[in-house]
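Each remark here refers to the structure printed beneath this line.
The values are calculated or read from the model by the stated rules, or taken from the named source; none is laboratory data. The shown structure was predicted, so the numbers you read here are calculated from the model rather than taken from an experiment. Positions of Cβ are backbone-derived with ideal geometry, glycine not excepted, and every protein chain shown enters the neighbour counts.
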């Protein structure tokens, strides 16, 4: 089951995933941010740093740099076709 639905202690080295900075893991952030727009979510996007490789400051800077160009600031007003 580990890797699909992790069980046991989160800190164990054999768990099926690894905490990573946004953009450095397996999550499709373009798909997630698109889904937010599609359902009308226009509020806070929070980041929790748990990456075991880099500092909080470095991780936050990389997270912002990765997500900034992906955020849809002006969704389509209306369909024209």
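Listing for the model above:
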| read-out | value |
| --- | --- |
| Number of the exception - residue 38 against (1) surrounded by 11 or more Cβ atoms within 10 Å (Cβ to Cβ); (2) more than 12 Å from the chain's Cα centre (by Cα); (3) modelled with pLDDT under 95 | (1) |
| Residue within the stretch 52-61 that is out of contact with any strand residue (DSSP E or B) (no Cβ under 7 Å at 6 or more places or on another chain), modelled with pLDDT under 90 and assigned to a loop (DSSP other than H, G, I, E, B) present | yes |
